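Here the structure comes first, spelled out in structure tokens, and everything after it is commentary.
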Amino acid sequence: MDLEKKRVFVDMDNVLVDFQSGLDQISEEIKKEYDGRLDEIPGLFGLMKPLPGAIEAMHQLQERYDLFILSTAPWKNPSAWSDKVKWVTKYLDDVFHKRMIITHRKDLCMGDYLIDDRGKNGTSEFKGEWIQFGADRFPDWKSVLEYLL
């Protein structure tokens, strides 16, 4: 690893991954069964598609930064943990091979930037800079790349 590179953590759900694209493939019957806890649907995370621009953005950021995925998986959905690894392997293994951290305490990870859509699971307490994906300042990957590159 190049010690000069700044470290960037990237969340998965609604940052790299389109959560809704997975839900769109689930039957209404299963959605009703898991109402209020859709993230606990077994296999859901393996169905999701990348958000527009996400894959290309990771390849561009990899050239300049020390990149890691920093994600949370629902505690009551063990398949989500393995589904997330399978997703990364399918779409971004060349960028994130063995560079994935799943935690409910993102604030314990040390880095320069965290790209995340929500301030939960330690994101708002992260010691580096939180780039709030989807907010007015960073609505999409184009705006994030303009800021970081």
> Across the range 113-139, what is the total count of residues that are open to solvent by 70 Å² or more (accessible area, probe 1.4 Å) and in a loop (DSSP other than H, G, I, E, B)?
Replying inline: 6
> Has the range 17-36 got any residue that is of a type in the set (Val, Ile, Thr) and touching a helix residue (DSSP H, G or I) at 6+ places or on another chain (Cβ under 6 Å)?
Replying inline: no
> From the list Val15, Val8, Val95, Val88, which one is among the hydrophobic types (A, V, I, L, M, F, W, C), under 25 Å from Ser143 (Cα atoms), part of a loop (DSSP other than H, G, I, E, B) and open to solvent by less than 60 Å² (accessible area, probe 1.4 Å)?
Replying inline: Val15
> Any idea how many residues of the range 19-45 are part of a loop (DSSP other than H, G, I, E, B), of a type in the set (Gly, Ala, Ser) and within 14 Å of Ala80 (Cβ to Cβ)?
Replying inline: 1
> Among the residues of the range 45-71, how many are more than 11 Å from Ile115 (Cβ to Cβ) and out of contact with any strand residue (DSSP E or B) (no Cβ under 7 Å at 6 or more places or on another chain)?
Replying inline: 12
>> Given (1) without any contact (Cβ under 8 Å) to a residue 60 or more places away in the chain; (2) touching a His at 6+ places or on another chain (Cβ under 9 Å); (3) of a type in the set (A, V, I, L, M, F, W, C), identify the lone condition not met by Met48.
In response: (2)
> List, please: which pairs have Cβ atoms under 7 Å, are six or more places apart or on different chains, and start with a residue in the range 89-103 that is closer than 18 Å to Ala57 by Cβ and touching a residue at least 40 places away in the same chain (Cβ under 8 Å) and end with one that is surrounded by fewer than 18 Cβ atoms within 10 Å (Cβ to Cβ) and among the hydrophobic types (A, V, I, L, M, F, W, C)?
Replying inline: Tyr91/Ile55; Leu92/Ile55
> Which one of these does His97 not meet: (1) more than 22 Å from Gly22 (Cβ to Cβ); (2) of a type outside the set (Lys, Arg); (3) in contact with a Phe, Trp or Tyr (Cβ under 9 Å, 6 or more places away or on another chain)?
Replying inline: (3)
> Since His104 meets every condition but one in (1) within 19 Å of Phe133 (Cα to Cα); (2) in a helix (DSSP H, G or I); (3) open to solvent by 30 Å² or more (accessible area, probe 1.4 Å), which condition does it not meet?
Replying inline: (2)
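The values are calculated or read from the model by the stated rules, or taken from the named source; none is laboratory data. The shown structure was predicted, so the numbers you read here are calculated from the model rather than taken from an experiment. No Cβ is skipped: glycine too gets one built from the backbone with ideal geometry, and neighbour counts run over all protein chains shown. These area figures cover heavy atoms from the full protein model, side chains too; ligands, DNA and RNA do not enter into them. Shrake-Rupley method; radii C 1.70, N 1.55, O 1.52, S 1.80 Å.
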